[in-house]
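Each reported figure results from applying straightforward, stated rules to the coordinates on display, with no laboratory input. Every value quoted in this text rests on a predicted model; they were computed, and no experiment measured them. When we count neighbours, we look across all protein chains shown, and the Cβ atoms used for this are built from the backbone with ideal geometry, even at glycine.
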Amino acid sequence: MAIDPLDIVETDENQPDRDKALDQEQRKGRLNTAVAIAVALLATFIGLCKVKDDNIVQAMQQAQANRIDDWALYQARNLRAEIAKATVAQLQLQSLSQPATNRAAYQKQIEAYQTLATKEDQKKAQQKIVAETDQQTYDQLNFHDDQFDLSDAALSLAISLLAITALSQKRWLFGIAMIPTVFGVVMGLAGLLSWNLHPDALIKPLTQQPQPAPWQIARREPLSDHR
């Protein structure tokens with residue numbers, strides 16, 4: 001079979017285009033591989049952070065319940081102490097109008113209630129320390145919960161950017177996706193390893209309650225009676 005020389009020339013002329021297409025396919029494959037690996041690693045890291053964050057949320061709920069119970073017990077002891085003190089004052093006034101033979105019995109009751117008031121004051125002070133400790137525990141757990149929240153938000157943004165990268169095949173977009181990736185990983189490690197890293201500039205706007213508008217405040221205020 002005879003070989004046409006024109007076919008050989010045409011093949012040699014198309015070789016650069018084929019090499020270029022092959023190189024583009026290889027670059028596309030490498031980019032898709034990098035995106036797939038990054039997404040898999042980030043998903044695994046998010047799962048680990050989620051387990052830790054769920055445990056922190058449960059501990060926060062327990063600390064919140066303990067704080068409410070301890071402050072309620074503090075108020076109960078405060079009420080008992082105030083009632084005992086009021087009873088002491090009442091008995092002291094009543095004893096002034098009693099004959100001398102009855103004052104000894106009044107004095108005995110006065111001393112009993114004074115002792116009760118002193119004990120309740122002491123227990124109240126101890127209970128206050130316990131309630132404040134519960135508050136500190138809650139604040140510390142909330143500190144790390146904020147870290148995981150920021151990590152989850154940043155890594156979710158990173159995965160979205162990586163998905164767009166896979167669709168658009170823009171290598172520079174992969175580099176931009178690494179910015180929230182690094183931030184999210186750092187915040188996740190801060191939560192896992194209990195680092196003292198808390199970007200208040202980002203957290204405060206997300207956690208503060210919005211201030212009501214002036215017209216909303218005026219609407220809540222009752223109308224004054226001008227009659």
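Below are the figures for this structure:
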quantity	calculated
Which of ILE110, ILE68 has the fewest Cβ neighbours within 10 Å, and the rest in rising order	ILE68, ILE110
Simple label model, 7 Å out from Cα along Cβ direction - SER160 to ALA76, nm	4.9 nm
Computed lengthening from ASP69 to ILE203, 0.36 nm per intervening residue step minus Cα-Cα distance	45.4 nm
Relative exposure of HIS144, HIS198, judged by other C-beta atoms within 10 Å (fewest first)	HIS198, HIS144
Summed residue charge, Cβ within 14 Å of ASP149's Cβ, Lys/Arg positive, Asp/Glu negative	-3
Principal axis dimensions, largest first and in whole angstrom, of the range 24-197 by Cα	111, 20, 18
Value of relative contact order over the range 24-197, rounded to a whole percent, pairs C-alpha under 8 Å and six or more apart	31 percent
Centre separation in Å (Cα based) which lies between the range 30-109 and the range 110-169	13 Å
Overall Cα dimensions of the range 49-137 - principal axes, largest extent first, Å	75, 13, 13
Kirkwood hydrodynamic radius of the range 132-196, from inverse mean 1/r over distinct Cα pairs, in Å	12.9 Å
Stokes-Einstein translational diffusion, the range 24-90 - Kirkwood Rh over all Cα pairs, 1.567 mPa s, 4 °C, in µm²/s	76 µm²/s
At R0 = 35 Å, FRET efficiency that the Cβ-Cβ distance of GLN90 and GLN126 yields, to 0.05	0.80
